[in-house]
Structure formats: C-alpha cells, structure tokens
Amino acid sequence: MRATISLLGLLLVADPSAVQAQSAAPTRITVQADKPGAAVPKTLFGLFFEDINFAADGGLYPELVKNKSFELPEPLLGWQALKGGAALETYQVRTEGAASPASPHYLRLTAKATSPDAGISNEGFRGMGVKQGEDYTLTLLARRVAGPVQQLRVVLEGDKGATLAESRLALPTGAGWQPLTLTLRPAATFAKARLRLVLYGAGTVDLDAVSLYPKATWQNRPNGLRPDLVQLLKDLQPGFLRFPGGCIVEGRTLSNRYQWKETIGDVASRQPIINRWNTEFAHRFTPDYYQSFGLGFFEYFQLSEDIGAEPLPILNVGMACQYNSSELAPMSRAAAPGPSAPAPHDHAQDDPSLEVFIQDALDLLEFANGPASSPWGAKRVAMGHPAPFNLKYIGVGNEQWGPQYLERYEPFARAVKAKYPQVQLVSSAGPSPDGANFDLATKFLRELPTGLVGLIDEHYYARPEWFRQNAGRYDNYPRTGPKIFAGEYAAHPEGIGNSKNRNTWDAAISEAAFMTGLERNADIVQMASYAPLFAHVDAWQWAPDLIWFDNLQAYGTPSYYVQKLFSLNKGTQILPVQLPAGAKNGQDNLYVSAVADKADVVVKLVNYAATPRPVQLTLSGLKRAAKTAQAQVLAATDLQTENSLQQPQKLAPITQPVTVAGQQVSYTLPPYSLTVLRVPARK
C-alpha cells in the first residue's frame, strides 16, 4: 500500500537521525525456518473478562434499564419520580401480591389526577444509548389496581426533554399481573436518553420487570449481547475466554461471591447482587454498580462458542477476596444427616464448607458437558443448547495466595480430577510475579502429583519498563511439570491502581516486547490474556483497559492492536531465532520471535528505540520463499500516543509489501514500532 510505504519516508524527513540509521550496519538475524520446534497452542492468546468498569451491565449486556425489577438493596436506584405537579400521590416499592416469588418487589404508582407527567423515569447506565431507526423492545408486567386509568404513556427522552420515541400501552383490564410489550423506534441517535413511564389518567397501577432491550443484538438473539463489542472480541480470534473474573469471583465476603448457579435459567429470576468494585476505589466511587446476571454462565459459554474461544470459567475455592475480608470457608462441614453433596442451588447455608465449592465445580462440568439425562445437563438443554459446550479447563480460585489457598486447592483438584480426569485445572500463583507467596505457591504446585495442576496462573501489573526487562522471563523456566497461564497482565505507566493510567503506545509496545518472550516460550506458556478487557468511559474503576466504549461507540487501544497482531499471527510452531554473537533478546531494545504458520514464516520484531533500525533477516532453510512478503506495522514516534472515541484508529496497524531475495529480507524497523513480517512460501 502506497500510504504505508510513505510512512518510513515521512519518518526519515521528520528525523534527520533516521538518515544516519539507514547508513548504519544492519542487525543480522537468522530465523531457522527448517528447524521448527514445539507446537504453538491454539489457546496461546485469549481474553480475560471481568465485570469491572461496567463491562457487563451497561456494556456487553445491553439491557438499557437499571434496576428493572426493583430488587436492589436501594429499591429505587436508577429511578426518579415524575411528580406531574402534585398529581403523583404514591411512588412506593411493595412486596404484597408480587408477580413472582423469585422477584418479590414491584412498584406502585398512584395518580390522583390526570397529568402529562405523573409517573417515573429511568436513567439507564450513564444514560441509554439509542440509535435512529433501530427498534427497542419494551416489556413489563403491569397490574391495574384502582381508578379509571387505562393507559401508560411510554417516552424515550433525549436532551432537554426532547422526545425521541413515544407510544402508549393499554393497561390490563383484569385484576392480575399481565405482560405488556411494545416497540420504540427513536427518531434520532442519542447517547444518554432516559425512559419515562407516565400514567395516562387517574388511578393506581403496579409495575415490575421493566425492560428496554435493543432488537439488534449479536446474532439477533433475545437476551443477546452488544454486537459492536462482540465483534471487537471476535476480530481478535481469541484462543480462550476466561470468565467471570477477576475479583468478583471471590466477592468482598463469601456471601457476595459469584455463584454460577444463580446466573442461569430464566433471566427474570436471576437475583442481582452488589458488584465488589462499586466502592473499592475512593477516587472512582461507583455505589450504583450491581450485577444483574442477565449475562450469566450460559451466555458466557455461548459467547465463547460464538467467537471460537475455549471457555475457561474461574470458580471460588472457598475464599473471599484477600484484599477485603479474607473470609475462609471451613475445610469440611460437621457430620449431618442426608446426602454429602448439596442439592442444586443449595447456597443458603450460613457457613458453607469447601465441599459446597467442590460440588459447584462438579455440577458446572455436568452443566457444560453432561447429557440431557443428567440433572445439570438437562438445565443446559432447557436453555436451548442440546450439544455439550465441551469444557476442557476450570480455574480453581482467582488470585489467591498463601497456605490457606494451597490447602484448599489440593482437595478441590483431587475431587475434580477423580470424576473428570481429562479436565485441565488452572491454579493461582497469587497477584505478584515474584516474592515469598509466589515462591511458596510455585514450589507447592510443582510438587503435587502429575495431573493435579495443568497450568499455573501468573499475573503481572507493572510499569512499562518491567515488561521490556522481563521479556526473557520464561527462557529458563523448567520444561517439565505444569504449564504457565499468563492470566492477567498490562503495563501501567503511572503505577498500579493509579487513576492517571492511560493506554499509551509506551505501554502497548512494552507489552509487545514481553509477548515476544511468551511466543518464544509457547512450549510452556500455553495461555496469555491482557486484563481488564472493557471499560465504559463514564463509569470505569480501573485503568488501563483493552477496549473503551460509551453507550454507542467503542474503540480498541494500542494494546488491543498489539494483541490482535500477535493473535492473528501466532502460527503453528516455534522457530529458533539467532541474534548476532553475544547478543540477547531485548539487548539494545530489539525484541524478536518467530513462528511457522504452516508454510509461512512469521517474524515479530519490536524496536523500542527513537531511531529507525535496519535489519538483515536470513530465513535459513526456507527453500521456496515468495518474492514479496507482507509487513504489518504498528508505530508512533510519540510514546504517549493514544486512541479515543474521536480518533479510534489514531494508532492502528498499516500494511506494506516487502521484497524477499531468496532467503534474505532487508528491512528497516521504524522508531518505536512493532512489525509483523509474514513471508509466504512460493506456490
């Protein structure tokens, strides 16, 4: 492409030192194309999802109404009374005569006189994003209690009260609850709309389960996901999807932990709980953050299938978050009459033992993989998925550490492997990549009998320079025993947990340097995922993040494009790389890895230098190389470059042709760049 060829020319003109670099002797790199090594696992690069930063409700899960069933501890959270002058007389959450025991709260409205504004409004999740000409389905349960009121006026409202869409619902004539539905089609696109429900006449009406849901969802499914966000995930061609977290797996206390059994079945019956991120950070206080579980374990499995990723659920191991309460489940419960295994949904115990958590794991495997004749397999089939999900991995605990975790991990692992020996178990090495707790966990887990640990999950949040300095982390790791899952990592320019962190090119290119080491050691590093995945621009708690969005748009960060370049070019086998005598990978800010992708040779090169760097590649043993290769380049001379909603591809890969002369490729790496060079075999 001519546009990409001119990039280097522009760099040369803009930086006189680039001319000197062109005359410098090139760095000679040999890729041994005829000596393929270990296979690159299909799962090498994947995704980590956690409901943080409004990633689920208000993000991937596109329900527009907050607190739709009035079941939150603050039952009117998200709702505001419309007084209609003084016409609105009653605005009260009640429980007598509820529509369902699973949803015991509802709202009673009484208007003592006819008014155009006597009712309620819902604010959504930092507003409601609606698009001109698209359809949105309103559903609710209603019961007319008293008075002549016969209709409910439904309004989608934009800026300064402007009407985006309006319709009326005829209220039921009988005494009981009845479902009502209508379609709204906005006349304009607006990112922060509100929903108004107004009594059209005097009287008393009860309302529950108020939902406003876009018809345009991923694969147009009812209760489906936001399509632009799913597309960004699918475009990464991820090898796996880790869910549902993250620290929400643990909860602040065990009663607040994530319980997968409460997230399946009828969406209206799923009970919301507080999100542990809602008040975690004083600088990003978000007290209205709850989990509705409209996006639950069935939907996670379905999403994994849709994007071609292996599902990797993480389950609680009987420990609440050690940064919060550090609450522990006892190792076993006292002897009691009845069966030893809890019945489905048996989470009402005040003091659940480790056995409860183990049974949850066994039941999950049955839900995912069991036949329709099994109790939990039947639940999957009833939800519309007769075929098994073919679950191969389970994570035991999220990010726990210390003796309390290790003593719970072993019986948990033994119980799961005894019934499902083919399942790979992922264990935790704690939140840090080194230190006493890391060493303790690594030693203990490596000494367990073969098979009890499939992968050890290591996490690294650190400044960009740490990632460049540790690109060789796995070069000398033991080649036997458990494999490695780099389950959470991201470069934090301002330090971990700092609200000033941004997704800069400095962070992303440093991650790219580190990822060359992951790829080079793909015989032991079997999985890796950036974290966190999503963040709402108006409702985030943690930064940086891979994908940012508002109620209408989304964009990938420079780190997103680094992940994409690696994932789409991960290849099938590792190829050895030889640098000049005495040089090490990362020396002089040059990082290299190479793979075979069937007949192609793919070389990844990171130049973390302010000047262009000429390189001379020798593809040793590649007998029939094509005459033209392809270079995908991600580069910016300003390390603080970021993408945004206004400039979503300010920094994105560009493609250019590169000449191949036999086994030789001469190329100049731009300053501060990641280059993926693909050399196909001649047909």
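Pairs linking a residue in segment 89-117 that is under 18 Å from Arg196 (Cβ atoms) to a residue that is modelled with pLDDT under 95 and acidic (Asp, Glu), with Cβ atoms under 8 Å and 6 or more positions apart or on different chains, are Thr110/Glu89; Ala111/Glu89. Close Cβ contacts (under 7 Å, 6 or more residues apart or on different chains) running from residues in segment 380-404 that are assigned by TED's automatic domain parsing to the domain that holds Asp266 and farther than 21 Å from Tyr258 by Cα to residues that are β-branched (Val, Ile, Thr) and part of a loop (DSSP other than H, G, I, E, B) are absent.
A quick yes/no check of all residues on (1) part of a helix (DSSP H, G or I); (2) surrounded by fewer than 18 Cβ atoms within 10 Å (Cβ to Cβ); (3) of a type in the set (Lys, Arg):
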residue: Pro222; (1), (2), (3): no, yes, no
residue: Leu225; (1), (2), (3): no, no, no
residue: Leu232; (1), (2), (3): yes, no, no
residue: Lys261; (1), (2), (3): yes, no, yes
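The set of residues in segment 236-273 that are more than 30 Å from Glu74 (Cα to Cα) and out of contact with any helix residue (DSSP H, G or I) (no Cβ under 7 Å at 6 or more places or on another chain) comprises Gly239, Phe240, Arg242.
In the set (1) at pLDDT 50 or above; (2) surrounded by 13 or more Cβ atoms within 10 Å (Cβ to Cβ); (3) under 38 Å from the mean Cα position of the chain (by Cα), Leu8 fails one condition alone, (1).
For segment 54-93, the tally of residues that are farther than 25 Å from Trp542 by Cα, within 36 Å of the chain's Cα centre (by Cα) and not hydroxyl-bearing (Ser, Thr, Tyr) stands at 9.
On inspection, Gln322 passes the criterion of being in the same structural domain as Asn223 (by TED's automatic domain parsing), crowded, with 16+ Cβ neighbours inside 10 Å, modelled with pLDDT of 95 or more and in a loop (DSSP other than H, G, I, E, B). Looking at Pro612, Pro576, just one residue is touching a residue at least 12 places away in the same chain (Cβ under 8 Å), crowded, with 23+ Cβ neighbours inside 10 Å and farther than 21 Å from Ala490 by Cβ, and that residue is Pro612. For segment 577-590, the count of residues that are in the same structural domain as Thr675 (by TED's automatic domain parsing) and closer than 21 Å to Ile484 by Cα is at least one. Can you tell me how many residues within segment 484-505 are crowded, with 24+ Cβ neighbours inside 10 Å and not aromatic (Phe, Trp, Tyr)? Residues that pass the stated criteria total 6. Screening Val130 against (1) of a type in the set (A, V, I, L, M); (2) more than 23 Å from Ser292 (Cβ to Cβ); (3) surrounded by 15 or more Cβ atoms within 10 Å (Cβ to Cβ) leaves a single unmet condition, (2). The set of residues from segment 490-539 being polar (S, T, N, Q) and within 17 Å of the chain's Cα centre (by Cα) comprises Asn503, Ser529. Given the condition modelled with pLDDT of 95 or more, among the charged types (D, E, K, R) and over 16 Å from Arg468 (Cβ atoms), answer yes or no: does some residue in segment 636-646 qualify? So far as segment 636-646 goes, yes, one or more of its residues are modelled with pLDDT of 95 or more, among the charged types (D, E, K, R) and over 16 Å from Arg468 (Cβ atoms). The single condition from (1) acidic (Asp, Glu); (2) surrounded by 24 or more Cβ atoms within 10 Å (Cβ to Cβ); (3) closer than 21 Å to Ala55 by Cβ that Asp538 fails is (2). Count of segment 348-369 residues, restricted to those that are over 26 Å from the mean Cα position of the chain (by Cα) and more than 22 Å from Gln271 (Cβ to Cβ), is 3.
Can you tell me which residues in segment 135-156 are over 15 Å from Leu207 (Cα atoms) and assigned to a strand (DSSP E or B)? Of everything in segment 135-156, those that are over 15 Å from Leu207 (Cα atoms) and assigned to a strand (DSSP E or B) turn out to be Tyr136, Thr137, Val155, Leu156.
The values are calculated or read from the model by the stated rules, or taken from the named source; none is laboratory data. Just so it is clear, the model here is predicted, and its values are computed rather than measured. Every residue, glycine as well, gets a Cβ built from its backbone with ideal geometry; the counts of neighbours run over all protein chains shown.
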